[in-house]
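Input: a single structure, listed below in structure tokens.
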Amino acid sequence: MRRKRIPSARAQPIGALCLLAVLLAAAPFHAARAVSNPAEMLPDRAQELRAEAIGQELRCLVCQNESIEESDADLARDLRAEIRKRVAAGESDKEVIAWMVARYGDFVRLKPPFRMATLFLWFSPAVALAVGGIVVWFGLRRRPAPPQPLSAAEEARLKRLLREGLGNPRS
């Protein structure tokens, strides 16, 4: 009669760790593209690569921290389709981006150009940090001084009050 072999308790965590290591090692090679529908992609590989590059430069107006190429939002899907339509029509990268900027403003660019109209976009993080630093600095300056130790007379009075029971707020 043969005994069934039961896997040891130590073998299971090692297997799980190995699987986790393989998944983590493969993660950088996984291209995170939101274009999940092959019908969205252009048949010409060169045009598709151009459309993807343009999409990586443009901000998803719904998510705001992702490019439209990475976003799953419906608006991003529509903008990807528009970019691919314009690339297939033969427009240059600059023309496609100019159309997007004309329609949605410089905010649609993940890296807006540096000019007078976009100064707020460029300097608002620095201004926010400076204002926060000033608030913290003033807050630290207005902290009350640390309490001073009681004088001998104050200590004697405190002991006397506690002995008499006046220090008890419930009485």
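The values are calculated or read from the model by the stated rules, or taken from the named source; none is laboratory data. Note that the coordinates shown come from a computational prediction; the quantities given were computed from them, not determined experimentally. All Cβ positions, even for glycine, are placed from backbone atoms using ideal geometry, and neighbour counts span all protein chains on display.
Criterion first (hydrophobic (A, V, I, L, M, F, W, C), surrounded by 10 or more Cβ atoms within 10 Å (Cβ to Cβ), out of contact with any helix residue (DSSP H, G or I) (no Cβ under 6 Å at 6 or more places or on another chain) and modelled with pLDDT of 90 or more) does residue 131 satisfy it? Working first, answer last.
Numbers: hydrophobic (A, V, I, L, M, F, W, C): yes; surrounded by 10 or more Cβ atoms within 10 Å (Cβ to Cβ): yes; out of contact with any helix residue (DSSP H, G or I) (no Cβ under 6 Å at 6 or more places or on another chain): yes; modelled with pLDDT of 90 or more: yes.
In short, yes.
Apart from one condition, residue 34 fits all of (1) modelled with pLDDT under 85; (2) of a type in the set (Gly, Ala, Ser); (3) in a helix (DSSP H, G or I); (4) crowded, with 17+ Cβ neighbours inside 10 Å; the exception is (3). Would you be able to say whether some residue in segment 53-61 is touching a Gly at 6+ places or on another chain (Cβ under 9 Å) and in contact (Cβ under 8 Å) with a residue 24 or more places away in the chain? The answer is no; no qualifying residue exists.
Residue count for segment 41-59 satisfying the condition of being more than 21 Å from residue 94 (Cβ to Cβ) and surrounded by 16 or more Cβ atoms within 10 Å (Cβ to Cβ): 1.
For residue 142, indicate whether it is surrounded by 10 or more Cβ atoms within 10 Å (Cβ to Cβ), among the charged types (D, E, K, R) and either at pLDDT below 90 or under 30 Å from residue 86 (Cβ atoms) (or both). Taking the combined requirement at face value, the residue does not satisfy it.
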